[in-house]
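Here's the structure we're looking at; comments come further down.
The values are calculated or read from the model by the stated rules, or taken from the named source; none is laboratory data. Just so it is clear, the structure is predicted and the values come from calculations on it, not from any experiment. When we count neighbours, we look across all protein chains shown, and the Cβ atoms used for this are built from the backbone with ideal geometry, even at glycine. These accessible areas exclude ligands, DNA and RNA; they are computed on the full protein's heavy atoms, side chains included. Shrake-Rupley method; radii C 1.70, N 1.55, O 1.52, S 1.80 Å.
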Amino acid sequence: MGQTGQVSIDAHELLLCGTHAHPPIEPRMADVSEFNAGLVWLRRDLRLDDHAALAQAMQTCDKVWCVFVFDRDILDSLAADDKRVSFIYDAVQEVSDALAARAQAAGVTGVRLLVQHDHARRSVVQLAQALRVQAVFVNHDDEPAAKTRDDQIRGALAHAGVAWRSFKDHVIFERSEVLTQGGQPFSVFTPYKNAWLKQLRPNHMAEHAFGPANRLAAVPEALRADTACPSLASMGFERVDLQGIHVRTGTSGALTLLEDFMGRLPHYAQARDYPAVKGPSYLSAHLRFGTVSVRELLRRAWPGHHAGEPGSSGWLSELVWRDFYHQILYHHPHVVERAFKPVYDRIQWAKGATAKAWFKAWCEGRTGYPLVDAAMHQLNQTGYMHNRLRMVVASFLCKDLGLDWRWGEAYFAKHLLDFDLAANNGGWQWASSSGCDAQPYFRIFNPVSQSQKFDPQGKFIRRYLPQLAGLPDASIHAPWLAKPVDLVGAGVRLGTDYPEPLVDHAQARATTLARYAVVKKDPS
């Protein structure tokens with residue numbers, strides 16, 4: 001296996017799979033459908049095209065309805081201004097409009113997405129019974145809470161005589177599809193990636209065709225009021241101006257971002273680490289909520305990867321990392337609450353009033369380290385943080401401030417627009433060295449050298465910390481080391497306009513090495 005990712009299959013077949021010159025294979029419709037009526041429950045898959053569960057429903061049912069539930073089990077704990085709710089709301093509206101348009105083009109009127117604001121474990125079963133469907137179609141969700149919810153719903157549906165059909169859609173390979181030669185799940189990324197690539201076949205990239213739109217069913221009159229999309233206000237949420245933070249929503253937004261990224265993909269490997277540069281795809285939230293298919297992204301990445309283009313190969317690796325963390329969560333659900341490596345649960349993290357004050361300063365971007373603070377301001381203002389900076393701020397929290405990685409994980413879970421449990425948990429455990437394939441505990445990011453290397457001119461820092469904008473490039477990374485004349489010239493008074501550093505990095509590093517000494521004898 002070389003850097004080009006050549007695998008033991010016909011490369012020509014895979015390249016054809018990744019071009020738009022070849023239309024998707026249309027499903028073969030049986031003479032007699034398996035079900036008279038089916039309900040497709042959309043969750044983290046808010047699109048119509050290349051949608052596994054929807055394609056199966058359209059193939060096997062005479063009539064198909066689609067539903068989305070604003071699940072109160074999830075939403076009731078969120079803040080009124082949570083950006084994710086506005087993102088989801090816009091995507092739901094676009095799906096509903098698209099369903100109506102496709103049905104109308106096929107001569108069917110009265111079609112739209114059924115929407116409810118309720119507890120999904122109750123409302124899905126009730127709706128299935130009200131529609132008298134024989135099956136409910138979903139795509140897999142392997143998060144522990146989602147699995148518990150789905151088990152309850154599947155049991156209730158079985159009791160009511162309704163079938164449950166669940167499909168892989170959110171990843172390329174899931175669960176136990178990629179295993180070691182010994183039949184065990186991988187815990188190290190590189191051999192997982194090699195096995196992933198070796199196992200890849202054209203069908204793993206194939207598009208799930210939508211099917212005949214005349215099978216879409218109109219909303220029954222008796223259910224029109226109860227399944228109309230509620231307003232954000234009626235659900236207790238505020239409209240967040242996502243356009244103001246340059247977030248594009250829905251499948252249309254995802255495809256616009258994707259097309260823009262295609263022109264930048266050849267430079268991705270070099271540009272992705274620099275937060276002031278337009279390097280990433282910015283598609284993470286769309287992958288999280290399924291407004292774009294992961295197979296579509298793989299089809300775009302594969303030709304360049306096979307040709308040895310570093311940008312395409314780098315982006316493909318990120319898609320593989322995503323699969324990797326999802327299979328880790330599936331096989332090791334304990335990571336939601338504890339370290340992947342149990343020995344790391346022995347670490348005594350900082351506690352008490354000082355620890356809480358430091359955590360608050362970290363959350364608010366007041367640590368005194370400009371790159372860390374600018375990154376936190378980016379997160380708090382936009383709901384997004386550059387990937388390089390996620391590693392920097394996570395390392396700083398755990399290994400400079402000595403705070404429990406779970407504190408940071410929970411903060412990201414609350415504020416990231418693209419929050420995904422598997423990736424977020426995997427990333428935080430990687431940074432704290434407690435996870436699978438994690439950085440060694442003695443590897444500690446220096447926030448100043450990271451700033452100098454990846455934001456050399458301080459462009460990103462100036463964007464989010466305008467009070468430091470007047471400092472020379474050489475001084476902006478560590479203002480406490482700046483010449484007094486430069487501080488005066490920039491109008492910066494340390495401790496007033498910008499804080500002094502919470503900790504000295506060199507001293508903090510020594511403290512961290514001592515804290516992690518409990519794992520030296522048992523690095524498993």
With respect to V240, is the statement that it is of a type outside the set (D, E, K, R), on the phi < 0 side of the Ramachandran plot, in contact (Cβ under 8 Å) with a residue 40 or more places away in the chain and open to solvent by less than 20 Å² (accessible area, probe 1.4 Å) true?
no
How many residues are within 19 Å of Q116 (Cα to Cα) and surrounded by 17 or more Cβ atoms within 10 Å (Cβ to Cβ) when one looks only at region 54-81?
11
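Of all residues in region 360-370, count the ones that are surrounded by 15 or more Cβ atoms within 10 Å (Cβ to Cβ) and either under 27 Å from E143 (Cα atoms) or without any contact (Cβ under 8 Å) to a residue 40 or more places away in the chain (or both).
Here the count works out to 1.
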V247: passes all of (1) under 29 Å from R132 (Cβ atoms); (2) assigned to a loop (DSSP other than H, G, I, E, B) but (1)
Do any helices (runs of 4 or more DSSP H) lying entirely in region 74-166 carry at least 1 residues that are among the aromatic types (F, W, Y), and which ones are they?
83-105
Among (1) touching a residue at least 12 places away in the same chain (Cβ under 8 Å); (2) farther than 24 Å from K147 by Cβ - the single one Q104 does not satisfy
(1)
When both residues are 6+ apart or on different chains and their Cβ atoms are under 7 Å apart, which pairs have a first residue that lies in region 202-227 and is on the phi > 0 side of the Ramachandran plot, and a second that is open to solvent by 30 Å² or more (accessible area, probe 1.4 Å) and not in a loop (DSSP other than H, G, I, E, B)?
G211/Q59
If E177 meets every condition in (1) open to solvent by 30 Å² or more (accessible area, probe 1.4 Å); (2) out of contact with any strand residue (DSSP E or B) (no Cβ under 8 Å at 6 or more places or on another chain); (3) part of a helix (DSSP H, G or I) apart from one, which number is that one?
(3)
Using the structure shown, decide if R443 is among the basic types (K, R) and at pLDDT below 95.
yes
Let me spell it out: the conditions are (1) under 24 Å from A423 (Cβ atoms); (2) in contact with an Asp or Glu (Cβ under 9 Å, 6 or more places away or on another chain); (3) hydroxyl-bearing (S, T, Y), and Y441 meets all of them except one. Which number is the exception?
(2)
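Among the residues of region 244-254, write down those that are open to solvent by less than 60 Å² (accessible area, probe 1.4 Å) and within 17 Å of the chain's Cα centre (by Cα).
V247, T249, G250, T251, G253, A254
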Sole residue being farther than 24 Å from S433 by Cα, modelled with pLDDT of 95 or more and open to solvent by less than 30 Å² (accessible area, probe 1.4 Å), chosen from G304, G308:
G304
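Take the residues in region 255-300 that are of a type in the set (G, A, S), touching a residue at least 60 places away in the same chain (Cβ under 8 Å) and in contact with a helix residue (DSSP H, G or I) (Cβ under 8 Å, 6 or more places away or on another chain); name whichever of them is most open to solvent (accessible area, probe 1.4 Å).
Taking the candidates together, the pick is A276.
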Is there a residue in region 310-330 that is more than 30 Å from K459 (Cα to Cα) and either touching a Ser or Thr at 6+ places or on another chain (Cβ under 6 Å) or not in a helix (DSSP H, G or I) (or both)?
no
Residues in region 79-91: is at least one at pLDDT 95 or above, over 24 Å from L421 (Cβ atoms) and of a type in the set (V, I, T)?
no
Residues within region 262-279 that are in a helix (DSSP H, G or I) and under 25 Å from R462 (Cα atoms), tallied:
5
Restricting to region 468-496, give me the number of residues that are among the acidic types (D, E) and open to solvent by less than 50 Å² (accessible area, probe 1.4 Å).
1
Give me a count of the residues in region 101-124 that are under 20 Å from L46 (Cα atoms) and of a type in the set (V, I, T).
3
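Looking at the structure I just gave you, is V67 more than 25 Å from the chain's Cα centre (by Cα) and under 23 Å from E221 (Cα atoms)?
Details: more than 25 Å from the chain's Cα centre (by Cα): no; under 23 Å from E221 (Cα atoms): yes.
Here the answer is no, as V67 does not meet what is asked.
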Taking into account only those residues within region 193-230 that are out of contact with any strand residue (DSSP E or B) (no Cβ under 8 Å at 6 or more places or on another chain) and farther than 27 Å from S293 by Cα, which is least open to solvent (accessible area, probe 1.4 Å)?
P220
Given the residues G263, G314, which is the only one that is at pLDDT 95 or above, within 18 Å of the chain's Cα centre (by Cα) and farther than 30 Å from P499 by Cα?
G314
